[in-house]
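These notes are about the structure you will find just below.
The values are calculated or read from the model by the stated rules, or taken from the named source; none is laboratory data. Given the structure is predicted, the values throughout are model-derived calculations rather than measurements. Counting neighbours? That spans all protein chains shown, and the Cβs are built from the backbone with ideal geometry, glycine included. The protein model used for the area step is the full one, side chains on, heavy atoms only, and it has no ligands, DNA or RNA in it. Shrake-Rupley method; radii C 1.70, N 1.55, O 1.52, S 1.80 Å.
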Amino acid sequence: MFKSPSVRVSAPAKINLHLGVGNLRPDGRHDLVTVFQALSLTDEVVVSVSADPGVEIRGEGAGTVARGAANRAWQAVLALAEHCGRSTADIDVRLALHKKIPVAGGMAGGNADAAATLVGLAELWKLDLTRAELATVAARLGSDVPFHLFGGHALGTGRADELMGVDIPHQFHWVVALDHGGLSTPLVFEELELLRARAQPPRVGHYPPLLDALSSGDPGQLALLLGNDLQAAALSIRPRLGRTLEAGLSAGALGGLISGSGPTCVFLCQDHAHALRVGRRLSGYEGCRAVKVACGPVLGARVVDRQGEFA
Ligand code: C5P
């Protein structure tokens, strides 16, 4: 039986081990200094040739994700078509997103899906593009999209799209606590501006000590240096996240922080067995909707399967 050509791509989430937010720029964005880690919590994107173009979504939070022009993965289809001179009027591509990364959770699930779409579509269309070339398309889609092409650890500056890979030969183990709802990233940045106008919430320090802790492979040392300037803003909008952070520490985690703009909280553990123990204890805390265990770093968006005849 003829099967439409399709490519299955894994799309890992990210956390920011360090997220320093600079001042508001005239373009309405903030300069960032961040240390990314790609996590084993992944969405899956299947990119296929289809006479019925569009986006279908299942899994975690599927009902809340836009399916049309506002979907970042679909925007990635259009951006790559433009980049390689294809007409965007008659695109014969269908995306099937299987979500596991919490939607509006501060783990850049939409950006991960967009990066995976670029990787899958470049394969489907047999475009001979390097990851660096794809990263120029990715940067136009959203601040975190380029990181999701590479994964691992990286230092991000500018809008976090200027990346420098950081080679760390160690694995770190996390418990991920999903909140009952999502948080809007622009709203959290706005809240930070309000807080900064009223007072001076403390800012995270410099990132080099955190890179030293990563290089040492010692999670106890790393736990002391985790920091996120958006945390105060996320807590101000949703104070119950403070109780979630306390619950994770009471469950025995070495350290915890809000992931990106939140509301997902992540807790660093000694090893996989410790993460399972902390995760089991935290599962009894009703302030979070679900608890998962993950590790990082993992590779960025990558093809896991190909089907059908390619053009
Ligand atoms: O780049 P992205 O679309 O993911 O950003 C979402 C929102 O987060 C932006 O619209 C902006 O409000 C805020 N943001 C910011 N400064 C950045 C990145 C994002 O203010 N460097």
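Roughly how big is segment 81-149's charge dipole about its Cα centre, with Cβ charges of +1 (Lys, Arg) and -1 (Asp, Glu), in debye to the nearest 20?
200 debye
Taking the Cα centre of the chain as the origin, how large is its charge dipole in debye, to the nearest 20, when only Lys and Arg (+1) and Asp and Glu (-1) carry charge on their Cβ atoms?
680 debye
What percentage of the solvent-accessible surface of segment 59-146, computed with a 1.4 Å probe over protein heavy atoms, is contributed by carbon and sulfur atoms?
Of all accessible area on segment 59-146, carbon and sulfur atoms account for 50 percent.
Given the chain, what whole percent of its Cα pairs are spread farther than 27 Å?
For the chain, the fraction of Cα-Cα distances above 27 Å is 41 percent.
Kindly report the accessible area of the chain per residue (heavy atoms of protein chains, probe 1.4 Å, no ligands, DNA or RNA), in Å².
43 Å²
Ordered by packing density, taken as the mean number of other Cβ atoms within 10 Å over each peptide's residues, highest first, how do 229-239, 210-220, 20-30 rank?
Descending packing order for the listed peptides: 229-239, 210-220, 20-30.
Based on the Cβ-Cβ distance of SER250 and ARG25, what FRET efficiency does E = 1/(1 + (r/R0)^6) give at R0 = 35 Å, to the nearest 0.05?
For SER250 and ARG25, the calculated efficiency is 0.35.
Using just the helices of the chain, give the 222 nm mean residue ellipticity in deg cm²/dmol: DSSP H runs with n ≥ 4 each add -39,500 (n - 2.57), and the total is spread over all residues, rounded to 500.
-9500 deg cm²/dmol
In square angstrom, rounded to the nearest 10, how much accessible surface does VAL7 have for a 1.4 Å probe?
My reading of the accessible area for VAL7 is about 0 Å².
Subtracting the Cα-Cα distance from 0.36 nm times the residue separation, let me have the gained length for THR88 to SER283 in nm, one decimal.
65.6 nm
Order CYS288, CYS84 by their accessible area, 1.4 angstrom probe, all chains in place, largest first.
Putting CYS288, CYS84 in descending order of accessible area: CYS84, CYS288.
Loop only by DSSP, 13 or fewer other Cβ within 10 Å of the Cβ. Give me the GluC sites (Glu not before Pro) in segment 207-311 that pass, ordered by residue number.
Listed in order of number, the matching sites are GLU286, GLU309.
From the Cα gyration tensor of segment 213-288, with a ≥ b ≥ c the square roots of its eigenvalues, which class applies: rounded if a/c is under 1.5, or else prolate if a/b is larger than b/c, or else oblate?
The shape class here is oblate.
By DSSP, what percent of the beta bridges with both residues in segment 1-91 are antiparallel, rounded to the nearest 5?
In segment 1-91, DSSP labels about 100 percent of beta bridges as antiparallel.
Lysine pairs in the chain with Cα distance under 25 Å, only those 8 or more apart or on different chains: how many are there?
7
Using +1 on the beta carbon of Lys and Arg, -1 on that of Asp and Glu, and nothing else charged, what's the dipole of segment 110-159 about the Cα centre, debye to 20?
Once rounded to the nearest 20, the dipole reads 120 debye.
Quickly work out the GLU56-to-GLN221 label distance, labels modelled 7 Å from Cα along the C-beta direction, and quote it in nm with one decimal.
5.0 nm
Just grab the label-to-label distance for THR130 and ALA197, each label 7 Å out from Cα along the Cβ direction, in nm (one decimal).
4.5 nm
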